[in-house]
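Below is one structure, written out as structure tokens; comments come after it.
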Amino acid sequence: MDRAYEGDETRALAVELGYIPIVPPKSNRKDPWAYDKELYKQRNQVERLFRRIKRFRRIFTRYDKLDLIFLTFVYFALIIDALM
């Protein structure tokens, strides 16, 4: 989730599904809630990792029909990313 999805209904659905929303409230919200600022900062690292992995066309377009082969190539892409 990001700040665009910080509505009450979306937060309630996320909590109902068992997720812990860490999205900060908008600045104009009347009753803001507390959130983990350090965990929210780490969200950027995950988004950048997905962007780097999607450089591999095989992952981006999902050519592989079997999940095992697709997952193997995801692992391969993660290894290449770690080595760079």
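In the set Val15, Val23, only one residue is modelled with pLDDT of 85 or more and β-branched (Val, Ile, Thr); that residue is Val15. Pro25 passes every criterion in (1) surrounded by 10 or more Cβ atoms within 10 Å (Cβ to Cβ); (2) under 12 Å from the mean Cα position of the chain (by Cα) apart from (2).
Right, Arg43: basic (Lys, Arg) and surrounded by 10 or more Cβ atoms within 10 Å (Cβ to Cβ) or not? Explain how you work it out, then say what you get.
Details: basic (Lys, Arg): yes; surrounded by 10 or more Cβ atoms within 10 Å (Cβ to Cβ): yes.
When the stated conditions are applied, Arg43 passes them.
The values are calculated or read from the model by the stated rules, or taken from the named source; none is laboratory data. None of the values given here were measured: they were computed from a predicted structure. Neighbour counts run over all protein chains shown; Cβ positions are idealised from the backbone, glycine included.
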